Amino acid sequence: MSDRTVRGSRNEETRRRNLSLVLSAVHAGGELTRSDLTRLSGLNRSTVGALVGDLVSAGLVVEAEPRATHQAGRPSPVVRPSSDVVAVSVNPDVAGVVCAVVGLGGEVRLRETILTPEHLTPEDTALLTKDFLEKVSKEFPSTTRVVGVGVAIPGIVDEQRNTVREAPHLKWRDVPLVSLIEEEVTLPVRMANDATLGVMAESMFGAGAGFDDVVYLNGSVSGLGGGVVSGGHLVKGVRGFGAELGHILINPQGAVCACGRLGCLETEVNIQRIWAVSGEGQVGIDDLDHLYAQRASAALNTELDRQADALAAGIASLLNIFAPARVILGGHVGALFEARSDRIHEGVTAQALAPVGEEASLVRNVLRERMVPIGSAQLAFGPLLADPVNTSLFEWGSRAAVAN
């Protein structure tokens, strides 16, 4: 929890909000003392103690022995997220479905990639989610409770109607994926764009922590997505359709994008173009750093220069629009930034308006492969963090609702 967090109220009628404040702080911080919580919330020590006690009784946090200090006075007890509360993450993509179990505090407890047929259907995704839950439930203690499922989609999500409006690379359109998965797993399901969830994760647990204004760009096999945090708030637009950063126009004479338009950023900065010139076929995103540093051919270096220039132009445009303090680059875009950092910095400086170009820092994402699972879990944890003692949790094995 940063100092910009809304401070708590001492009125009993706002107990729910104060519980939310404390649990959210522990979730984001991973480990905080009662003294930390008192300082950050603005509440008095006895109120914080009572709130922590309620959260301990609900099984949402645990208290540990205080850390040894050399300061005078009694050390403050340490408050940590309970390891028994988890969320499930599901990320369907063209290469398969990545499923994960994430605990409060953002710890990825288990992550698995399930390879799928060439054409993954929404029904396949729902069944694979059910299979994953049944398989991994035996690997967790019987005391484990799950809050729900967060789904990350490489495409446009209508968050009001709980549908995938369009996922071009999956060839999905107007798919009621939330209801399909809920029918199979009998758990609450929430869904959002994968890059939007990425910026949520990086802003809370990664390279964007402590910044109110962040732009995030992530490159995957399905294209290039992004997210924006402005003034500490996620930019979502009408029905969640906003911040499709991969579809800003870069080259009017460029290739046709999966969205049907010409010259989108994601067609100019594209991993499939890398594959086409690398001579090594489909190189995994995690292997790109080694490829660029150790095995790059002349043709690949030329392509990397071209994509770096296109990326710099895209970042400059985003800087001029949003004026973020930090631009975070992930996936294959992060690997490109690592390989062509100087060139990208020079391009951004030349094309961005001087004030915003000078203020913003460009960094690679910190969470890497944990980013989307953590973001998806954050989506699932949302109702619990907002109302800790009134949100239903579910037994991991039977998925029956249990009191917390």
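The values are calculated or read from the model by the stated rules, or taken from the named source; none is laboratory data. If you're wondering where the values come from, they're calculated on a predicted model, not measured in any experiment. Here the Cβ is made from the backbone with ideal geometry for all residues, glycine too, and neighbour counts use every protein chain on show. Ligands, DNA and RNA are stripped out before the accessible areas are found, and what is left, the full protein with its side chains, is counted by its heavy atoms. Shrake-Rupley method; radii C 1.70, N 1.55, O 1.52, S 1.80 Å.
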### Message
Can you tell me which of (1) within 26 Å of Val86 (Cβ to Cβ); (2) of a type outside the set (Ser, Thr, Tyr); (3) open to solvent by less than 10 Å² (accessible area, probe 1.4 Å); (4) modelled with pLDDT of 95 or more is the one Leu367 doesn't meet?
### Response
(4)
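Mind counting the residues in the range 185-233 that are among the acidic types (Asp, Glu) and touching a helix residue (DSSP H, G or I) at 6+ places or on another chain (Cβ under 6 Å)? Break it down into steps so the answer makes sense when it comes.
Taking the range 185-233 first, the residues among the acidic types (Asp, Glu) are 194, 202, 212-213.
Applying the additional criterion that residues be touching a helix residue (DSSP H, G or I) at 6+ places or on another chain (Cβ under 6 Å) yields 194.
The total comes to 1.
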### Task
Output the residues belonging to the range 257-269 that are part of a helix (DSSP H, G or I) and either aromatic (Phe, Trp, Tyr) or closer than 21 Å to Asn365 by Cβ (or both).
Leu265, Glu266, Glu268
### Query
Taking the range 285-296 on its own, how many of its residues are over 23 Å from the mean Cα position of the chain (by Cα) and not in a loop (DSSP other than H, G, I, E, B)?
5
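Open to solvent by less than 50 Å² (accessible area, probe 1.4 Å) and not charged (D, E, K, R): is that true of His247 in this structure? It would help to see each step written out before you state the result.
Working: open to solvent by less than 50 Å² (accessible area, probe 1.4 Å): yes; not charged (D, E, K, R): yes.
Yes, satisfied.
Which residue out of Gln282, Gln272 is open to solvent by 30 Å² or more (accessible area, probe 1.4 Å), under 21 Å from Ser222 (Cβ atoms) and part of a loop (DSSP other than H, G, I, E, B)? Give the steps one after another, and end with the answer.
Numbers: Gln272 fails: part of a loop (DSSP other than H, G, I, E, B).
None of the others qualify; the one that does is Gln282.
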### Query
Val56: under 22 Å from Leu385 (Cα atoms), in a helix (DSSP H, G or I) and either touching a strand residue (DSSP E or B) at 6+ places or on another chain (Cβ under 9 Å) or open to solvent by 50 Å² or more (accessible area, probe 1.4 Å) (or both), yes or no?
yes
#### Entry: Where Thr391 falls short, out of the listed (1) among the polar types (S, T, N, Q); (2) open to solvent by 40 Å² or more (accessible area, probe 1.4 Å); (3) in contact with a helix residue (DSSP H, G or I) (Cβ under 6 Å, 6 or more places away or on another chain)
(2)
### Query
Does at least one position in the range 256-265 carry a residue that is under 17 Å from Gly219 (Cα atoms) and modelled with pLDDT of 90 or more?
yes
### Task
Would you confirm whether any residue within the range 187-207 is surrounded by fewer than 21 Cβ atoms within 10 Å (Cβ to Cβ) and among the polar types (S, T, N, Q)?
no
### Query
Only one residue in Gly105, Gly96 is open to solvent by less than 60 Å² (accessible area, probe 1.4 Å) and touching a residue at least 40 places away in the same chain (Cβ under 8 Å). Which one?
Gly105
### Query
surrounded by 13 or more Cβ atoms within 10 Å (Cβ to Cβ), closer than 21 Å to Thr391 by Cα and at pLDDT 85 or above, is that true of Val86?
yes
